[in-house]
Every structure is written in structure tokens, then in C-alpha cells.
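Trainee: Take this structure first; my questions come after.
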Amino acid sequence: MTGAKAAPTGSIFDPGLLSRCISCGFCLAACPTYALTGDETSSPRGRIALMRALDSGTLPPGDPTVAEQSSFCLGCRACEPVCPAGVQYGELLEQWRGYQWAGRGRPLIVRLLIFAAERSWAHRIAGRLRGAARTPEAASRPALMLGCFERSLYPKVSRSALALAPELAVPSRQGCCGALHAHNGEPERGKQLAVQLGAALPGQIVTTSGGCAAHLSAVLGRDRVAELSEYLQGRVTGQVLVGNRLARVALQDSCHLRNGLGVWREPRALLSAVAEYVELPGAGRCCGAAGTYSLVRPRDSRRVLDPKLDAIEAAGIDYVVAVNPGCLRQLQQGLRRRKSPVRAVHIADLLRLAAG
Amino acid sequence: MPDELRIPQPVLTELRAIAGPGNLRLAAGELAVYAGDATPLIRAMPDAVIAPADAEQVARILRLATEHRIPVVPRGAGSNLCAGTVPVNGGIVLSTVRMNRILEVAPDEMLARAETAVTTQALNDAAAPHGLFYPPDPGSHTVSTIGGNVATCAGGLRGLKYGVTRNYVLGLTVVLPTGEIVRTGGRLWKDVAGYDLTRLITGSEGTLGVITEVTVALLPDPVTSRTGLAYFGSLAQAGRAVAGILAAGVIPSTLEFLDRKCMDAVEQYAHLGLHSDAGALLLFGDDGDEAVVARSFERIAAACMESGAMAIQTAGDITESEALLTARRCTLPALSRLGSLTILEDASVPRPRLAEMVARIDAIAARHQVTMATFGHAGDGNLHPTCVLESASDTDGIARAERAFADVFDTAIELGGTITGEHGVGAAKLPYLARRLGTGQMDLIRRIKTAFDPAGILNPGKLGS
């Protein structure tokens, strides 16, 4: 994955990436927005046709369909594992948004979030106030990455992770990984931040967020990064009980963890070890959180989420487990709206509960 | 925007009223994505895209189009490989996607009835709980629509044993270009009342009518299904093995071959640990009762060994079998990793001429200096010679590939074969069709076309044009 510098001709996309698609259409079945609309325009193949039209000048820079589709796409990358031609759609989308969302093209809420993410001192203070995990610095140990928003939204998650893996160092001085930037129109800044984080945490980086794991891996290399469920393979103990019986739990995959890194067996293995695991139909499909998507396009986000909530409620489960804070928030809010008895939890918290 | 709006404003207003405002698309970007399908190189912009909800709306659209002489191109998932859904004369692309309900699965009659845009996979998923399945399995079955399968008479890997789409279509609801809604056939295996219009429309590639509903026959799901591989030094040897297998009285459910170049591409993609020295690979499979499958496998293995197989490998379980079949299904896209442009062809020859045909294809590729890899359905003589080019802008290479394919078609016809086994004619092969059919049949086809579509509005520039 090389830098997406604009070519001298002013081309927006890496031509090698854009030419890969052979338009076979195998991606259509995997795409959540195509499932919503049935419209070729909102399929990966259709979006690549739009990228090509934009790149070649067949469509003008301000074309409204092109702008709308660059935003309507969830960026879940479900099209990648099913693509036999090996199109790196996620990379193309980053380049597309980098062009489309430059300057004032970016939604206001995204600008606010990026502004907030850039204030690393604020996260440090918020993390301390909210009681996120913290240990002395230690360069030689694997380090737990503290997600910038997770620290204040879900401070318990890092404490659970540390309880499960006490050998982890958790320095509070660490920045944003840059996934937010990369997915929202600032691919270069996204890479820069990942490199900086890599320097701040020089050993193996363990993360409780599938989205951060995928972005960090793409920049720093796969061997530098482990998502928590990967890291904890084979070392969980205990059981999660509800009353006298084993809890019934299901997983909601993190899209980038599953589609970007191919990690989906690992969290299932852990959950099966401590509870009765139930595979939800469509567990691998996007929940609609999709990073900033649930804030930028709340209506579409809910349309994607709704069938998933139906499946969760029909499955007779006690917990639905997330491996990414964005998905956790999305599921919690959705279940709360429905007054559902099912609880959404982060995998770190559930495993902590099992360990007792 | 298109250079000039070729559809008059009042017609657009009426179209919008028919399908509902959100289902008529006119923006330049929305039109651009409907300019092509899975066929490389052939693109043309439509003037409008419309997605009607039912046969009644389709009828109103077609009547309007006939009245105003506006081309209409029906489109399912756009996964065809003959540019069958490219609007070569502009006009309206009629997307069937909203007609996507499964209407019934009737286990006692062993059939299913579905609206046209139900995917092949979804149809199979609906049949599975009843212990039934729909045999035709085109490579794109996860996305292709059943209506599109019928329109192109799609084939697939199971063709030798189970036949192709036409063998399963019992009845159709079709909207004619003049607006009549016709129901052909029905729910019966035996029914000879009248011309077999169901079969005529099957494979008519959206030139005679718009299919809105399909009734297909289902078969009992086989108890066991197994897959294996045999490696050969050359394709000629593999060809002899195919003859040997069939002579031994086995009709395998799958009998596919890949040449060396295809094996390399698939291996790169799927990492199956394919033999690295073999010149050809034969993928075989059978399904049915366990004992029957076991006996088939013994006979297939014996026939392969007699023809000089280097090694035979059988899949241990369903997951492994599926991996092998998936790898075969994705041969084409995997080949595309070798270059930026892949042009795939679809010639068929009588089974005994298969090895000869492959050798002739190699010679043609060398003569025209193009890279050609060949895979296909050994059991039914259907080959997919595929030309891989470095770049989509290599006009000289494309021209050489086109000359090579013209030779491939002529060779196929010379050997008693055809220019397309399962992908269809569409816009891509119309120029070669007369070579295969001759003037008598071409004239008859045009007369049939005129009987259905007097104004010539339905998918013009394809069959019957």
C-alpha cells in the first residue's frame, strides 16, 4: 500500500488500483448499500465506474452522483474478500474521499471529530477523568493502544483489557492512530499519525478496536499490530453465566477487522470458550456504525442496522459482542431504542466478566 | 449529461408517473454506471434508467417506448459476458431489481416460482429447506438473477449431468414490447399445447420480451457431493481421460479443465497447493447416493490413470470440495490478476474435438502474439479461451486479440462447434453470428423478432437486429 500522492497528470487514484476491477459484479451480493437500493450506482462496481469517470474527466469534478456515492458508501470493505480480481476497494475509497472531501467538501461533523481527535491532550485528560487504564511507560513490553474516543466513551474497556493481559503497558501519552483521518478524506494525515503512534509505542501494539487495527496494520505492517481477541488466543478462563446457565452470546464482526485483516475466527473462538456461542445470520455484515457514518448519515445508518437488530432479537441471546467501539455504540443505541433485553458489550468486558 | 436528451420531456414525465419518482434516474453519474456490464470494452450511455415494480408497470413502459420508438434494454444484475445489457443504441435501461420476491416453493410439484430479479443463490437457498435444489449454477450465481439466467440460458459447472437453464424453465411471465403480458408454459413437465414459446424466450437475451416471473423445476438435493482433481502432462491426455470417463458409463456432475496458465492464476489467488509441473488439470465431481458416488469416483480415477494421469487428489470433505469448485468458478477473475484487461470467449466443440481445439487455440494465440489461457467445461466441450492484456489502452493488443478470436470462432465452427456455448451473443458476438447460423436462420430470427417487436425497440443491436 503505497502513498496515494496525486500523479503529475492530476489523477486522483492510483492507476494500478483503479484498473484492477474487471466489472464481474461478484461484489454486488456483498454490498450493504446495494442491498438497500438494488441500484448499480450504489454498488462497489458502480462506484468504481464513477471513480473511473471522475478520473478520466467523463464526469465533472462537482458531479452530484459522484459526491453522493463517495459519502453513501459505508467503507465496510465487504466487497474485498469476495473480489477474485483483488481490487483494494478500501484504499480506493480513501483516495476518493481524499479528493471529494478536501476542504469544504467535508461534512461538518467529520471536521469536528477530526478537530477533536487532533487534541491528544484532551483525550489524555478525559481518559484520566473517566478512569481509562494507565500504567508507567515501558518500551520493551507490548502496549495497549487507547482509542481516542474509547478512552472517554468506554473507559472500562481498557481496564478490562489490562486485567485480562496485565503484562501490557498502557502509557497515557499516545496519540490517535489516524484511521479517522484516513477514512474521512485525509489519507496522508492518517498515515502520518499511524507512524507517530508507532514511534510512541515502539513494540507490539494491541488494540481493542478492529478499525484501528486494520489502519495501523496497513501503515506499520501486520506484525506490529494485534487486535485484542487475536492477542488473547488460548488464554481466556471462566464462564459467563446468566442465572445458573451459560450465557448465550453472539458476535458482531468489525468490518475492517474481518474484511481488512481476515480476523473473524479469533473472537468466535474466545466467546465459544466462555459462553454458548450463537452465530447471527449476517454477523459479518456491517452494522451501519462504519466509523463516522452513523453521525454523518444517521438515517442510512439505521436502515443498515435494522435487519441486524431484528436478527439479534430473534436469536434469543443475552449478549451481542462487539470488537470495535463504534460498533458497540451503534448496537447499544439501537437496542436501547427498541427497549431490547439483549445487551451489547465489548469483548474485553465480556471476557473480564467470565474471568470473574 | 448526454449530448442531447433523446427522450422527449413528456415521455420522461410519463415514465416517472409509471414507476414513481425515485425509480427513474437521469443524472449523468447514474447513467454512467449502467453503460456497461461484466463484458470488457463495450460501453454505451443510456438516456434513462427505470426500475419498475411489476409486470403492469413494465407493460406501460414498453407501450410508451414502442409508441415513441425508444430503445429499451432489460437488465438484471448485469453479470453477463456478451454485452447483452449494454444500451448500444441508447434509450432506457429497464432494471428489474425491484421484482425480487420468491413467490412459492412447491415441494409436492418440485418447482419454484419467483419474480425475475431473485438471485440464483436466493432461489437455491429457498429450495434447500425442502430438500430440493436448482441445478444450473453459472459462475455468477451469487449475484445473477433468475430472469437473467433465463434470458441468457445460463449454463454452469453442472451442465453435463444436469443440463442448462432451458432444461428447468417450466413457465414464464413475459411482457411483450407491444405491452401484452403473456404467460407461457406453466407448472407441467409435459405440455405440448402450441409452439414452445417458453424455450424460444429462454436464451432470447431480452430481445423478444421482458421476463417478469419464472417457474422452474427443482430436483431432490443429492445426499453426497464430492470433488476431486487429476493432473495430466498435457490437455490431450486430459481429453482422453474425459472420453474414458464417459465410456465407463459415468456422467459426472462436474468435469472441468484448466490449462497451465489458468492453474497458475488460480493458485496465486486461492492457494490450493495445485501441482506445479502438470500441463493440465481436470476437476471432476459427482453427486447422489453415497455408494453411487463412491463407485463413480473409482471409475473416474481408473479412467484418469489409464490416460496417464500424473496424480489424483480427492477432496476429503464438503469444505474442501467447495474450495476446489470456488477456485474453478473464479478462474476468470483470477486470470485478470495477470493483466489489466481480460477478454473471455466461449466457443464450444463436440467433446471428442476438445483436445484438438485447445491445441489449435494455442497455435492461434502464438500466430497473433497474444497471451491466451484456456479453461472450461470438458464434459460438454465448452471452452473459455481468455486473452490477458497488459493494459486496457493497448489498442494494438486488443486488435490482435480480436483477430485471434475471429480465428478461434472459425476453428470452432470448422470442428462442428459454435461461437458461444453459454455466454450468449449480445452485442459482443452479433458480428460472428451469421458464420454460425447462415443466412436462412438469420432471416428466420429476424422474422421472429419482428413478430414480437414490430417497432424494434427491445434491446436493439443484439439478436434479431
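Each value in this text was obtained by applying a stated rule to the coordinates, not by laboratory testing. What you see is a predicted model, and the numbers here were worked out from it, not measured in a lab. Counting neighbours? That spans all protein chains shown, and the Cβs are built from the backbone with ideal geometry, glycine included.
Trainee: By its C-alpha gyration tensor, with a ≥ b ≥ c as the square roots of the eigenvalues, how is the stretch B:283-400 shaped: rounded for a/c under 1.5, else prolate for a/b larger than b/c, else oblate?
Mentor: Values: a/c = 2.93, a/b = 1.84, b/c = 1.59.
It comes out prolate by the Cα gyration axes.
Trainee: When chain A is modelled as a GNM with alpha-carbon springs shorter than 10 Å, which of A:Gly282, A:Gly210, A:Gly75 fluctuates the most?
Mentor: Most flexible of the set in this elastic network: A:Gly282.
Trainee: Here's something else I'd like to know. Would you mind checking the stretch B:115-144 for residues with the amide N under 16 Å from a putative spin-label position 7 Å along Cα→C-beta of B:Asp221?
Mentor: B:121-136
Trainee: If you don't mind, another one. Using the beta-carbon distance between B:Val292 and B:Leu444 and R0 = 45 Å, what value does 1/(1 + (r/R0)^6) give for FRET efficiency, to the nearest 0.05?
Mentor: Working: r = 43 Å, r/R0 = 0.96.
The pair B:Val292/B:Leu444 has a calculated efficiency of 0.55.
Trainee: Expressed as a whole number of Å, what is the distance separating the alpha-carbon centroids of the stretch A:30-45 and the stretch A:76-94?
Mentor: Measuring centre to centre over Cα atoms gives 14 Å.
Trainee: Quote the relative contact order of chain A in percent (integer), defining contacts as alpha-carbon pairs under 8 Å separated by 6+ residues. Show your work: numbers first, answer last.
Mentor: Values: 617 pairs, mean separation 54.0, N = 356.
This gives 15 percent for chain A.
Trainee: Ok, one more. Just how large is the dipole of the stretch A:108-231 about the Cα centre, in debye to the nearest 20, putting +1 at every Lys and Arg Cβ and -1 at every Asp and Glu Cβ? List each step's numbers first, then the result.
Mentor: Values: 15 positive and 9 negative charges, 90 e Å.
Computed about the Cα centre, the dipole is about 440 debye.
Trainee: Excluding residues on the same chain fewer than 8 positions from B:Lys261, give the aspartates and glutamates whose Cα lies under 19 Å from its Cα.
Mentor: Hits, sequence-local ones excluded: B:Asp277, B:Glu345, B:Asp346, B:Glu356, B:Asp362, B:Glu390.
Trainee: Give the lysines whose C-alpha is closer than 26 Å to that of A:Lys191, dropping any in the same chain fewer than 8 places away, or say none.
Mentor: Once the sequence-local lysines are set aside, what remains near A:Lys191 is A:Lys5.
Trainee: Given contacts defined as C-alpha pairs under 8 Å and at least six residues apart, what's the relative contact order of the stretch A:15-100, whole-number percent?
Mentor: After rounding, I find 36 percent.
Trainee: Please state the shape class of the stretch B:348-390: rounded when a/c is under 1.5, otherwise prolate if a/b exceeds b/c and oblate if not, all from the C-alpha gyration tensor. Kindly include the intermediate steps, with their values, before the conclusion.
Mentor: On the way: a/c = 3.87, a/b = 1.75, b/c = 2.21.
Note, shape of the stretch B:348-390 comes out oblate.
Trainee: A follow-up question, please. Considering only A:Val87, B:Gln268, B:Pro333, whose Cα is most displaced toward the positive end of the charge dipole of the protein assembly as shown, charges sitting on Cβ of Lys, Arg (+1) and Asp, Glu (-1)?
Mentor: A:Val87
Trainee: Nothing charged except the Cβ atoms of Lys and Arg (+1) and of Asp and Glu (-1): what's the magnitude of the dipole of the protein assembly as shown about its Cα centre? Round to the nearest 20 debye.
Mentor: Details: 83 positive and 78 negative charges, 569 e Å.
In total the dipole reaches around 2740 debye.
Trainee: Percent antiparallel among DSSP beta bridges with both residues in the protein assembly as shown, to the nearest 5?
Mentor: Values: 62 of 89 bridges.
Within the protein assembly as shown, antiparallel bridges account for around 70 percent of the total.
Trainee: For B:Val242, A:Val242, A:Val274, what ranking results if the residue with the fewest other Cβ atoms within 10 Å of its Cβ goes first? It would help to have the intermediate numbers written out before the result.
Mentor: On the way: B:Val242 26, A:Val242 13, A:Val274 21.
Listing B:Val242, A:Val242, A:Val274 from fewest to most nearby Cβ atoms yields A:Val242, A:Val274, B:Val242.
Trainee: If contacts are Cα pairs under 8 angstrom and at least 6 residues apart, what is the relative contact order of chain B in percent? Don't skip to the end; give the middle numbers.
Mentor: On the way: 1019 pairs, mean separation 72.5, N = 465.
That works out to 16 percent.
Trainee: When a footprinting reagent is the concern and you count Cβ atoms within 10 Å, what order do B:Ser391, A:Ser120, A:Ser42 take, fewest first? Could the numbers behind the result be given before it?
Mentor: Values: B:Ser391 13, A:Ser120 17, A:Ser42 24.
Listed from fewest to most nearby Cβ atoms, that is B:Ser391, A:Ser120, A:Ser42.
Trainee: Of B:Ala48, B:Val86, B:Leu444, which is farthest along the charge dipole of the protein assembly as shown in the positive direction, counting Lys and Arg as +1 and Asp and Glu as -1 at C-beta?
Mentor: The listed residue farthest towards the positive side: B:Ala48.
Trainee: How big is the antiparallel share of DSSP beta bridges in chain A, given as a percent to the nearest 5? Write down the numbers at each step before the final one.
Mentor: Numbers: 2 of 20 bridges.
So the antiparallel bridges amount to about 10 percent of the total.
Trainee: Indicate the gyration tensor shape class of the protein assembly as shown (rounded, prolate or oblate), computed on the Cα atoms with a ≥ b ≥ c the square roots of the eigenvalues: a/c under 1.5 is rounded; otherwise a/b larger than b/c is prolate and the rest oblate.
Mentor: Prolate shape, in that a/c is at least 1.5 and a/b is the bigger ratio.
Trainee: Given charges of +1 on the Cβ of Lys and Arg and -1 on the Cβ of Asp and Glu, with all other atoms neutral, how large is the dipole of the stretch B:224-316 about its Cα centre, in debye to the nearest 20?
Mentor: On the way: 6 positive and 11 negative charges, 38 e Å.
The dipole of the stretch B:224-316 has a size of about 180 debye.
Trainee: Tell me, what is the FRET efficiency for B:Ala27 and B:Glu56 to the nearest 0.05, using R0 = 41 angstrom and their Cβ-Cβ distance as r?
Mentor: Working: r = 26 Å, r/R0 = 0.65.
Computed FRET efficiency for B:Ala27 and B:Glu56: 0.95.
Trainee: Now for a different question. Arrange A:Trp121, A:Trp96 by Cβ neighbour counts within 10 Å, fewest through most, would you? Before the final figure, lay out the partial values.
Mentor: Details: A:Trp121 8, A:Trp96 28.
Lowest count first: A:Trp121, A:Trp96.
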